[in-house]
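Novice: Structure incoming, see below.
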Amino acid sequence: MNERLAANLEAVERRIIRACSKAGRARESVRLVAVTKYASDAAVTSAYAAGLRDFGESRPQQLWRRAAQFPPDLRWHLIGHLQRNKVEKTLHSAALIHSVDSVRLLDEIARGAQRQRSPADVLIEVHLSGEEAKSGFAPHELTSLCPVWDSVNIHGLMTMAALQVPEECRPTFERLRRLRDDLSTRWGRPLPELSMGMSNDFEVAVEEGATLVRIGSSIFDGVP
Ligand SMILES: *Cc1c(COP(=O)(O)O)cnc(C)c1O
């Protein structure tokens with residue numbers, strides 16, 4: 001196994017464990033998604049050999065390619081923007097789409113899932129920075145969202161905090177958790193997943209309830 005990757009992974013694991021114990025959570029309640037958008041195929045192979053099974057890609061094409069190339073027990077997570085004309089192929093390859101950012105995309109995913117006779121597993125992306133240009137639902141759009149899609153399982157919410165001092169991301173993560181709680185009450189169904197936290201800020205995200213952390217550079221920096 002690649003030594004640099006082993007050292008990086010050990011450090012990430014230690015940080016997750018420390019954040020979990022600080023928050024009184026079990027380590028198993030947090031899933032590590034290794035973000036491979038800048039990692040080589042060799043680095044993905046090393047990560048697989050090290051036991052990782054959840055991998056995140058931000059570009060659909062790279063996700064399709066790697067899903068076809070690597071063993072079928074890898075779970076591919078799409079974490080970047082999905083255009084509607086790429087829905088069908090992505091549904092074939094992705095275990096979970098984190099980045100559902102519009103009702104039109106939800107409609108398209110529902111149609112694709114119906115055609116494939118296999119329900120789609122998704123998260124709703126929320127932008128909490130107040131910048132209109134950011135992708136994702138604004139909190140007020142979420143309140144009027146009604147889960148009418150039989151072929152789509154919405155498992156929870158995803159957000160990206162603006163790059164800041166980690167502690168300054170806490171209100172964003174806290175807000176996503178509260179939005180999730182509200183939505184879950186309103187819809188009368190559990191929304192167990194919170195996808196939040198990246199290399200820079202995942203400890204704070206774990207303390208605020210993240211169930212999926214998306215970590216790229218802390219795992220793959222310096223790994224050929
Ligand atoms: C790149 C990316 C990450 C990982 O970022 P790192 O800072 O490298 O850990 C997480 N989430 C999304 C949506 C990304 O695009």
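The values are calculated or read from the model by the stated rules, or taken from the named source; none is laboratory data. Model, not experiment: these values are computed from the prediction. All Cβ positions, even for glycine, are placed from backbone atoms using ideal geometry, and neighbour counts span all protein chains on display. The accessibility values were calculated without ligands, DNA or RNA, using every heavy atom of the protein model including side chains. Shrake-Rupley method; radii C 1.70, N 1.55, O 1.52, S 1.80 Å.
Novice: Give 56, 80, 112 a once-over and let me know the one that is open to solvent by less than 60 Å² (accessible area, probe 1.4 Å), over 20 Å from the mean Cα position of the chain (by Cα) and closer than 30 Å to residue 143 by Cβ. Explain how you work it out, then say what you get.
Specialist: Values: 56 fails: over 20 Å from the mean Cα position of the chain (by Cα); 80 fails: over 20 Å from the mean Cα position of the chain (by Cα).
Unique residue meeting the criteria: 112.
Novice: Taking the residues in segment 1-35 that are under 18 Å from residue 223 (Cβ atoms) and small (Gly, Ala, Ser) as candidates, determine which candidate is surrounded by the most Cβ atoms within 10 Å (Cβ to Cβ).
Specialist: So the residue we want is 34.
Novice: While we're on this one: Out of (1) hydroxyl-bearing (Ser, Thr, Tyr); (2) free of Cβ contacts under 8 Å to residues at least 12 places away in the same chain; (3) more than 30 Å from residue 115 (Cβ to Cβ), the odd one out for residue 144 is which?
Specialist: Residue 144 satisfies every listed condition except (3).
Novice: Please give the number of the condition residue 38 fails out of (1) crowded, with 16+ Cβ neighbours inside 10 Å; (2) within 16 Å of the ligand (Cβ to nearest atom).
Specialist: Result: residue 38 fails condition (1) only.
Novice: Filter segment 64-77 for residues that are touching a helix residue (DSSP H, G or I) at 6+ places or on another chain (Cβ under 6 Å) and crowded, with 20+ Cβ neighbours inside 10 Å and give the result.
Specialist: Answer for segment 64-77, where residues must be touching a helix residue (DSSP H, G or I) at 6+ places or on another chain (Cβ under 6 Å) and crowded, with 20+ Cβ neighbours inside 10 Å: 67, 76.
Novice: Moving on to the next point. Which residues, taken from segment 41-53, are over 23 Å from residue 123 (Cβ atoms) and open to solvent by 10 Å² or more (accessible area, probe 1.4 Å)? Give the steps one after another, and end with the answer.
Specialist: Of segment 41-53, the ones over 23 Å from residue 123 (Cβ atoms) are 41-43, 45-46, 48-51.
Answer for segment 41-53, where residues must be over 23 Å from residue 123 (Cβ atoms) and open to solvent by 10 Å² or more (accessible area, probe 1.4 Å): 41, 42, 45, 46, 48, 49, 50, 51.
Novice: Which of the residues belonging to segment 59-82 are within 16 Å of the ligand (Cβ to nearest atom) and free of Cβ contacts under 8 Å to residues at least 40 places away in the same chain?
Specialist: 59, 60, 61, 62, 63, 66, 75, 76, 78, 82
Novice: Specify the residue that is nearest to residue 7 (Cα to Cα); the eligible residues are those in segment 174-207 that are away from the ligand (no atom under 16 Å from the Cβ) and open to solvent by less than 20 Å² (accessible area, probe 1.4 Å).
Specialist: It comes out as 191.
Novice: Is it true that residue 106 is within 20 Å of the chain's Cα centre (by Cα) and part of a loop (DSSP other than H, G, I, E, B)?
Specialist: It is false that residue 106 is within 20 Å of the chain's Cα centre (by Cα) and part of a loop (DSSP other than H, G, I, E, B).
Novice: Still on this structure, please answer the following. Which numbered condition trips up residue 211, out of (1) more than 28 Å from residue 91 (Cα to Cα); (2) within 16 Å of the ligand (Cβ to nearest atom); (3) surrounded by fewer than 20 Cβ atoms within 10 Å (Cβ to Cβ)?
Specialist: (1)
Novice: Here's another thing I want to ask about it. Taking the criterion of being of a type in the set (S, T, N, Q) and in a strand (DSSP E or B), would at least one residue in segment 85-95 satisfy it?
Specialist: Here is the first cut: in segment 85-95, the ones of a type in the set (S, T, N, Q) are 85, 90, 93.
Checking which are in a strand (DSSP E or B) leaves us with none.
The answer is no, given that none of the residues of segment 85-95 is of a type in the set (S, T, N, Q) and in a strand (DSSP E or B).
Novice: Given the conditions (1) among the aliphatic types (A, V, I, L, M); (2) open to solvent by less than 20 Å² (accessible area, probe 1.4 Å); (3) free of Cβ contacts under 8 Å to residues at least 24 places away in the same chain; (4) within 19 Å of residue 189 (Cβ to Cβ), which single one is not true for residue 105?
Specialist: Failing condition for residue 105: (4).
Novice: Among the listed residues 118, 135, 99, 144, which satisfies the condition of being of a type outside the set (D, E, K, R), within 16 Å of the ligand (Cβ to nearest atom) and open to solvent by 30 Å² or more (accessible area, probe 1.4 Å)?
Specialist: Going through 118, 135, 99, 144 in turn, the sole match is 135.
Novice: Yes or no: segment 174-183 includes at least one residue that is in contact with a Leu (Cβ under 9 Å, 6 or more places away or on another chain) and part of a loop (DSSP other than H, G, I, E, B).
Specialist: From segment 174-183, those in contact with a Leu (Cβ under 9 Å, 6 or more places away or on another chain) are 175-177, 179-183; that's our starting set.
Checking the rest, the ones that are also part of a loop (DSSP other than H, G, I, E, B) come to none.
No, every residue in segment 174-183 fails to be in contact with a Leu (Cβ under 9 Å, 6 or more places away or on another chain) and part of a loop (DSSP other than H, G, I, E, B).
Novice: Of all residues in segment 147-167 being open to solvent by less than 20 Å² (accessible area, probe 1.4 Å), part of a loop (DSSP other than H, G, I, E, B) and touching a residue at least 40 places away in the same chain (Cβ under 8 Å), which is farthest from residue 180 (Cα to Cα)?
Specialist: 151
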